[in-house]
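See below for the structure under consideration.
The values are calculated or read from the model by the stated rules, or taken from the named source; none is laboratory data. Everything numeric in this text was worked out from a predicted model, so none of it was measured. Glycine also receives a Cβ, built like all others from the backbone with ideal geometry; neighbour counts cover every protein chain displayed. For accessibility, only protein heavy atoms count, side chains too; no ligands or nucleic acids. Shrake-Rupley method; radii C 1.70, N 1.55, O 1.52, S 1.80 Å.
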Amino acid sequence: ATDIRSWIANRIKRDEITRYMDGDRCFIDDGAIEGALERGKNPDPGRVREILAKSLAIETLTVDEAACLLHVEDPDLWEEMKAAAGEVKRRVYDNRIVTFAPLYLANLCVNGCVYCGFRAENSAERRRVLTMEEIKEETRVLAGTVGHKRLIVVYGEHPASDYDYIADSIRAIYDVTVPTKKGYGAIRRVNVNAAPMEIAHLKVLHDVGIGTFQVFQETYHRPTYERLHPAGTIKGDYLWRLYAMHRCLEAGIDDVGIGALFGLHDWRYEVLGLLQHAWDLEEKFGIGPHTVSFPRIEPATNTPYADSPEAVVDDDAFARLVTVLRLAIPYTGMILTARERGDLRHEILPLGCTQVDASSRIGIGAYADVEEKQKGERQQFILGDTRSLDEVVRQLALDGYITSFCTAGYRCGRTGQKIMDLLRSGREGHFCKLNAVLTFREWLDDFASEETRVAGEKVLAKELAEIALRFPDMYPRLHASYEKVSQGARDVYF
Ligand code: SAM
Ligand code: SF4
């Protein structure tokens, strides 16, 4: 217990907060947010259309502009906004959707977030920290049976799952390869969702080859934050968390994922908080967030707060916040998780989302041992969409999307500033489109059911024809690689 207390006491490095601040001011400007929300009421349709034109030019909106969009009530204008959001997504990301799975490795936690099943005082939660062998077991199922290439690994905050454990677990995941029908399966990008860390520890994770580092601020509204995260806990320190992504960028991890947990405070406020966060990263590092997440609170075992009426953001508000986020930060990846129901995900996806998870299980050890471990008391919360990856890929294909299993980005230096520039200019599409085709071919051959393969091949035929037309100079190289993959070559990318 003394050890844990001293670990907690030494966790926060004060100078790694203040160095990014303007004296005692942080980048969240509560007055500016409240003022913009007030001024944005009853927006003029002409002004709304000007703002949409700016989004369509792939420019980040100001807080005032986003506040206007947050107050659009007129049904026709709202339809225009949804259409613009979908168009922004297509301009930056085309018809590609990336899939991944969450992998929970440890649920011990020293904190007391009132909405989370993992909070320290929740005695109903069964605690575990997976061993490296157990992590490999989980990975074998995900990479060998389901066919995932990307994971988001998730940890509570505890000395038993500190940065060194996180680094070891990522190495263990990258170590696994599993033979498949035609080739082999492996996880090629591990993204991390873990507690904020100091720069030296983040550098260790960078060296292991992590993809994106995600930290959600939960709520940008400081009084609410302080009410829901007990004082004296590490997480109780609003500023340590607020500057987590600044430290990542300084440590060399230049794909960073921000997010807010919707349901803690006014959803419009959180959208503007996320936007101020994106602006500050852009201003200080020239790199905006790689992804933005917008989870809503889900029920969790023995966690009354998660069931309270206070915590509800309804489906209509959810659609609006997703749309405005897409329009406000046009180049950022947007992650729509299986916390949401399948039918709702189908409606929300076209508003500009770029990533979905599938075949998700959030019990610790639940991929290798479903019966036993997917029980409520081992999970952080309860999932809304339990469809398999095969089903999700098929639905996407029927809707005209290509599922991209591409993980080339961080392995060939297309991260951070480089990827942002490519995204803004629309040139990212060239590589990504080709890699989507190659990785989709690979996945269909290794993992798809017959029904999904048929639906997927229709999409592939359309993609190949489009590439031949749009990038004739690249087509011969693509065609050669495509043939190689069809014959069993794996992990081929541009
Ligand atoms: N412990 C680390 C932290 O808090 O940053 C990382 C893992 S935590 C399990 C990941 C995220 O889960 C949190 O940032 C929070 O937004 C989300 N979360 C917590 N409780 C939730 C609930 N009841 N429903 C939906 N999401 C929840
Ligand atoms: Fe712990 Fe993270 Fe859950 Fe908070 S949200 S209790 S820090 S696992």
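Tabulated values for the structure
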item: Unique residue being open to solvent by less than 30 Å² (accessible area, probe 1.4 Å), modelled with pLDDT of 95 or more and of a type outside the set (Lys, Arg) when the list is Ala465, Ala448, Ala408; result: Ala448
item: Number of the condition not met by Leu205 [criteria: (1) touching a helix residue (DSSP H, G or I) at 6+ places or on another chain (Cβ under 7 Å); (2) within 12 Å of ligand 1 (Cβ to nearest atom); (3) not polar (S, T, N, Q)]; result: (2)
item: Any hit, region 75-92, residues being under 22 Å from the mean Cα position of the chain (by Cα) and either near ligand 2 (Cβ under 10 Å from one of its atoms) or closer than 23 Å to Asn193 by Cα (or both); result: no
item: Failed condition for Tyr165, given (1) within 16 Å of Arg189 (Cβ to Cβ); (2) within 16 Å of ligand 1 (Cβ to nearest atom); (3) open to solvent by 20 Å² or more (accessible area, probe 1.4 Å); result: (1)
item: Inter-residue pairs, beta-carbon under 8 Å, first within 17 Å of Gln214 (Cβ to Cβ) and in region 325-349, second assigned to a loop (DSSP other than H, G, I, E, B) and among the aliphatic types (A, V, I, L, M), 6+ apart; result: Ile329/Leu61; Ala338/Ala358; Ala338/Leu383; Arg339/Leu383
item: Hey, Ala194 among the hydrophobic types (A, V, I, L, M, F, W, C) and free of Cβ contacts under 8 Å to residues at least 60 places away in the same chain or not; result: yes
item: Any chance Ala160 is open to solvent by 40 Å² or more (accessible area, probe 1.4 Å), within 15 Å of ligand 1 (Cβ to nearest atom) and part of a helix (DSSP H, G or I); result: yes
item: The listed residue being within 30 Å of Lys82 (Cα to Cα) and either modelled with pLDDT under 85 or within 16 Å of ligand 2 (Cβ to nearest atom) (or both), out of Gly400, Gly416, Gly352; result: Gly416
item: Odd one out for Gly117 among (1) at pLDDT 95 or above; (2) within 16 Å of ligand 2 (Cβ to nearest atom); result: (1)
item: Test: residue in region 63-77 that is away from ligand 1 (no atom under 16 Å from the Cβ), more than 30 Å from Asp30 (Cα to Cα), part of a helix (DSSP H, G or I) and not β-branched (Val, Ile, Thr); result: yes
item: Residue, most open to solvent (accessible area, probe 1.4 Å), within region 120-139, restricted to residues that are more than 14 Å from ligand 2 (Cβ to nearest atom) and free of Cβ contacts under 8 Å to residues at least 24 places away in the same chain; result: Glu133
item: Single residue of Asp316, Asp307 found to be surrounded by fewer than 23 Cβ atoms within 10 Å (Cβ to Cβ), more than 16 Å from ligand 1 (Cβ to nearest atom) and more than 21 Å from Cys26 (Cα to Cα); result: Asp316
item: Set Ala328, Ala338, Ala311: member being more than 16 Å from ligand 2 (Cβ to nearest atom), farther than 22 Å from Ala36 by Cβ and touching a Leu at 6+ places or on another chain (Cβ under 9 Å); result: Ala338
item: Residue list for region 468-494, filter: open to solvent by 40 Å² or more (accessible area, probe 1.4 Å) and under 26 Å from Ser359 (Cα atoms); result: Asp491, Tyr493
item: Cβ-Cβ under 9 Å pairs, at least 6 apart or on other chains, region 36-53 side of a type outside the set (S, T, N, Q), far side open to solvent by 90 Å² or more (accessible area, probe 1.4 Å) and part of a helix (DSSP H, G or I); result: Pro45/Asp76
item: Selection count, region 435-494, where residues are within 22 Å of Val392 (Cα to Cα) and small (Gly, Ala, Ser); result: 6
item: Answer residue from region 103-114, given it is open to solvent by less than 20 Å² (accessible area, probe 1.4 Å) and in contact with a helix residue (DSSP H, G or I) (Cβ under 8 Å, 6 or more places away or on another chain) and is farthest from ligand 1 (Cβ to nearest atom) among those; result: Leu103
item: Matching residues, region 317-347, being among the aromatic types (Phe, Trp, Tyr) and out of contact with any strand residue (DSSP E or B) (no Cβ under 8 Å at 6 or more places or on another chain); result: Tyr331
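Here is a yes/no grid of residues against (1) away from ligand 2 (no atom under 16 Å from the Cβ); (2) under 25 Å from Pro330 (Cβ atoms); (3) free of Cβ contacts under 8 Å to residues at least 60 places away in the same chain; (4) assigned to a loop (DSSP other than H, G, I, E, B):
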residue	(1), (2), (3), (4)
Tyr225	no, no, yes, no
Val271	yes, yes, no, no
Lys284	yes, yes, no, no
Val292	yes, yes, yes, no
Asn302	no, no, no, yes
Ala306	no, no, no, no
